[in-house]
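Undergrad: Sharing a structure below in structure tokens format, with a few things to ask.
The values are calculated or read from the model by the stated rules, or taken from the named source; none is laboratory data. It should be emphasised that the depicted structure is a prediction, and the values quoted were computed from it without experimental measurement. For neighbour counting, all protein chains shown are included, and Cβ atoms are generated from backbone atoms with ideal geometry for every residue, glycine included. All accessible areas refer to the heavy atoms of the entire protein, side chains included, with ligands and DNA or RNA removed. Shrake-Rupley method; radii C 1.70, N 1.55, O 1.52, S 1.80 Å.
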Amino acid sequence: MRLFACIAGLLLLVSHAAAIDADKAFEDPALQARYEKIISEVRCLKCQNQTIKDSNAFLADDLRREIRRMLEEGKTDAEVFDFLVVRYGEFALYRPRMSGKTLVLWLAPVVFIGFGAFIAFRVVRRRMSLPVDDAAESIDESQA
Amino acid sequence: MTRYVVPIVVFLIMIAVFMIGLNKDPTILPSPYIGKSAPAFDLPRLEDPARRVSNADFGGQVVLVNVWATWCVGCRQEHGFLLELASSGTVPIYGLNWRDRREDAQQWLLQLGDPYVASGYDGDGTAGIDWGVYGAPETFLISADGTVIYKYLGPLNRQVWDQEFVPRLSAQAGDPT
């Protein structure tokens, strides 16, 4: 029981620590959900491996404030992302949009998987065309 | 033969790519404004909130816009060089006092000297965002027609100036577009 209380206490601390954004929630829950989605996809440029949702750097604070302001003005998500890309480049977004500059980024995984599959295919084909030795052949026949 | 050569060559290319990648500083991000017109700069002046300083003040000259703050260690390091540069009259320097306390910033300029033609006061960082600032000090080189030519991240000094700014400045002087 005591252990349970300890764990529960620790979990409470964790949930508290995760709430970096101390600002008041939007009154409209849909708007709040959009806001949270956006800030979890924007990189904090000062602390590059954190989103601005997770960072308490003051730059993250400023960016959250700007995003909040834009959402209150009724801007769309795309307009908010545009605003950030114009100022900080595609690097500011955790999911950079597909464009000439980011094409390599998006296509590289497909190209690498394709290349790997091609190599695997060739290796398998070559092995299949090798003369099968007697022992293997006898097994094949027994199974057929 | 190719059986061994191809994987070795591929391996060496990968090593080369990773070596280059590892030696790059990931904290230095290129400014998306390079080659585009400078973002709007219209702020109350640091020393006198009633007056403003804006892009219009650049007056068709090549200028530096230096982002600084009193909490920024690099800014203190480069301050001596900025004073030297200002007194040499090479290029006018405009300050963007970013995320600072006005009294602290005024005090700083009184104590250490003021290299700036004028400093804009950006207490809440809005202008900083417009300029894509993510860490002070940052220095933008703006051409006579208001295009961002170059952005340097980190404290300026004589060596950086000679290497990065002087060639770009002389290109500007030779090509008055």
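Undergrad: Run B:T126 past the list (1) under 14 Å from the mean Cα position of the chain (by Cα); (2) more than 23 Å from B:G59 (Cβ to Cβ) and report the number of the one that doesn't hold.
TA: Unmet for B:T126, out of (1) under 14 Å from the mean Cα position of the chain (by Cα); (2) more than 23 Å from B:G59 (Cβ to Cβ): (1).
Undergrad: Right, something else. Tell me which residues, restricted to the stretch B:137-164, are without any contact (Cβ under 8 Å) to a residue 60 or more places away in the chain and either surrounded by 17 or more Cβ atoms within 10 Å (Cβ to Cβ) or among the β-branched types (V, I, T) (or both).
TA: Of all residues in the stretch B:137-164, those without any contact (Cβ under 8 Å) to a residue 60 or more places away in the chain come to B:152, B:159-160, B:162-164.
Of everything in the stretch B:137-164, those that are without any contact (Cβ under 8 Å) to a residue 60 or more places away in the chain and either surrounded by 17 or more Cβ atoms within 10 Å (Cβ to Cβ) or among the β-branched types (V, I, T) (or both) turn out to be B:Y152, B:V160.
Undergrad: Tell me yes or no: at least one residue of the stretch B:82-94 is modelled with pLDDT of 95 or more, surrounded by fewer than 21 Cβ atoms within 10 Å (Cβ to Cβ) and of a type in the set (D, E).
TA: yes
Undergrad: Restrict the check to the stretch B:21-37 and report whether at least one residue is in contact with a strand residue (DSSP E or B) (Cβ under 7 Å, 6 or more places away or on another chain), within 24 Å of A:L45 (Cβ to Cβ) and in a helix (DSSP H, G or I).
TA: Initially, the stretch B:21-37 is screened for residues in contact with a strand residue (DSSP E or B) (Cβ under 7 Å, 6 or more places away or on another chain), giving B:28, B:31, B:33-37.
When the remaining residues are screened for being within 24 Å of A:L45 (Cβ to Cβ), the result is B:28, B:31, B:33-37.
Subsequent filtering for residues that are in a helix (DSSP H, G or I) retains none.
No, the stretch B:21-37 has no match at all.
Undergrad: Another question about this same structure. Give the residues of the stretch B:118-136 that are open to solvent by less than 30 Å² (accessible area, probe 1.4 Å) and away from every other protein chain (no Cβ under 14 Å), sorted by residue number.
TA: If the condition is that a residue be open to solvent by less than 30 Å² (accessible area, probe 1.4 Å) and away from every other protein chain (no Cβ under 14 Å), then B:A118, B:S119, B:G120 are the ones that fit.
Listed here are the residues, each with its yes/no results for (1) modelled with pLDDT under 85; (2) more than 14 Å from chain B (Cβ to nearest Cβ); (3) closer than 30 Å to B:D100 by Cβ.
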{"site": "A:A8", "(1), (2), (3)": "yes, yes, no"}
{"site": "A:A17", "(1), (2), (3)": "yes, yes, yes"}
{"site": "A:E27", "(1), (2), (3)": "no, yes, no"}
{"site": "A:L84", "(1), (2), (3)": "no, no, yes"}
{"site": "A:L93", "(1), (2), (3)": "no, no, yes"}
{"site": "A:T102", "(1), (2), (3)": "no, no, no"}
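Undergrad: So, in the stretch B:1-49, exactly how many residues are under 26 Å from the mean Cα position of the chain (by Cα) and either of a type in the set (A, V, I, L, M, F, W, C) or away from chain A (no Cβ under 14 Å) (or both)?
TA: To start, the set of residues in the stretch B:1-49 that are under 26 Å from the mean Cα position of the chain (by Cα) comprises B:20-49.
Applying the additional criterion that residues be either of a type in the set (A, V, I, L, M, F, W, C) or away from chain A (no Cβ under 14 Å) (or both) yields B:20, B:22-23, B:28-29, B:34, B:38, B:40-49.
Here the count works out to 17.
Undergrad: Could you grab me the full set of residues in the stretch B:57-101 that are among the aliphatic types (A, V, I, L, M) and either closer than 14 Å to B:P155 by Cα or without any contact (Cβ under 8 Å) to a residue 12 or more places away in the chain (or both)?
TA: Within the stretch B:57-101, B:L64, B:V65, B:V67, B:A69, B:V73, B:L82, B:L83, B:L85 meet the criteria.
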